[in-house]
Amino acid sequence: MGMEFLCYHRDRPGSLPLRYGLMEEHWSYMDRYAKEMIARGPTLAGDGDTPTGSVHIVDLPDPVAARVFAFDEPNYQAGVYRDVLLRRWRNTLGRTMWDFPGGRTGGNRYLVLGLGTGQAADLAVPPDRDELIAYGPLLSDDGATWLGTAVLVRAPAPETARAILTPDRYADIEVHNWQFGGRPS
């Protein structure tokens, strides 16, 4: 068994044409990691349609393999992304997004990133786990230090998604529109 990592590539402003031009290269690259994938999908602008980034949660052998995954990705290599958040992550639900009982569609879905400060928070899975697609702590490469929490969730609104995390325990909480990813069938 490997280590789980969350990789969030954030798009560079004005890079949408380049992103669309590299779609097949991106899918082909991700196809190589299909067995390791826990969750994936784009973050979206307020219009719910325009990509703003890409989330991938993968099970890989070690931090070196995670960096290869993140930085050899064709969109990254071509300059689509402005930055990359790459952290160890722990799959506290013990499932993939494909096991989410709510399915691939229906309802609003969000990526919630709590960027930690101080003592670890929100380590236990919240009681209403039926709306959680993925949930777990963000950790240092050695897994010893808590750096925050990352959640994929179905929720009625961004404020509801944000409320999953304890607000005063984080330096910042980001909420991004998100949708299930994967090669279109």
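Which one, 160, 105, 121, projects farthest toward the positive side of the charge dipole computed for segment 97-178 from Cβ point charges (K/R +1, D/E -1)?
Most positive-ward Cα: 105.
Given Cα pairs under 8 Å that are at least 6 residues apart, what percent is the relative contact order of the chain?
Once normalised by length, the contact order is 27 percent.
What is the Cα convex hull volume of segment 1-131 when expressed per residue in Å³?
137 Å³
For 72, 11, 141, which order do you get if you count the other beta carbons within 10 Å of each Cβ and list the fewest first? Intermediate results must be reported in sequence, preceding the final value.
Numbers: 72 10, 11 22, 141 16.
The most exposed by this proxy come first: 72, 141, 11.
Once phi is turned into θ = phi - 60°, what whole-Hz ³J(HN,Hα) does the Karplus curve with 6.51, -1.76 and 1.60 give for every residue of segment 26-43, x standing for Gly and Pro?
Coupling constants for segment 26-43: 4, 4, 4, 4, 5, 4, 5, 10, 4, 6, 8, 6, 9, 7, 7, x, x, 8 Hz.
Along the charge dipole of segment 3-89, which of 50, 75, 9 sits closest to the positive end, that is, farthest toward it, with unit charges on the beta carbon of Lys, Arg, Asp and Glu (+1, +1, -1, -1)?
Of 50, 75, 9, it is 9.
What ranking do 84, 64, 153 get, fewest neighbouring Cβ atoms within 10 angstrom at the top?
Sorted ascending by nearby Cβ count, the order is 64, 84, 153.
Treat the count of other C-beta atoms within 10 Å as a stand-in for reagent exposure and order 180, 5, 71, 100 from fewest to most.
Starting with the residue having the fewest Cβ neighbours, the order is 71, 180, 100, 5.
Just want to confirm a number: the relative contact order over segment 97-178, from Cα pairs under 8 angstrom separated by 6+ residues, in percent.
43 percent
In debye to the nearest 20, how big a dipole does segment 1-124 give about its Cα centre with +1 on each Lys and Arg Cβ and -1 on each Asp and Glu Cβ? Please report the intermediate quantities before stating the final value.
Numbers: 14 positive and 15 negative charges, 45 e Å.
For this selection, approximately 220 debye.
Which shape class, rounded, prolate or oblate, goes with segment 66-185 when its Cα gyration tensor gives a ≥ b ≥ c as root eigenvalues, a/c under 1.5 marks rounded, and past that a/b bigger than b/c marks prolate?
Verdict is oblate for segment 66-185.
For a test of the definition: using alpha carbon positions, the gyration tensor, and the 1.5 limit on a/c, classify segment 1-67 as rounded, prolate or oblate.
The shape class here is prolate.
None of the figures in this text is laboratory data; all of them are computed from the coordinates on show. Values in this document were obtained by computation on a predicted structure and should not be read as measured data. Every residue, glycine as well, gets a Cβ built from its backbone with ideal geometry; the counts of neighbours run over all protein chains shown.
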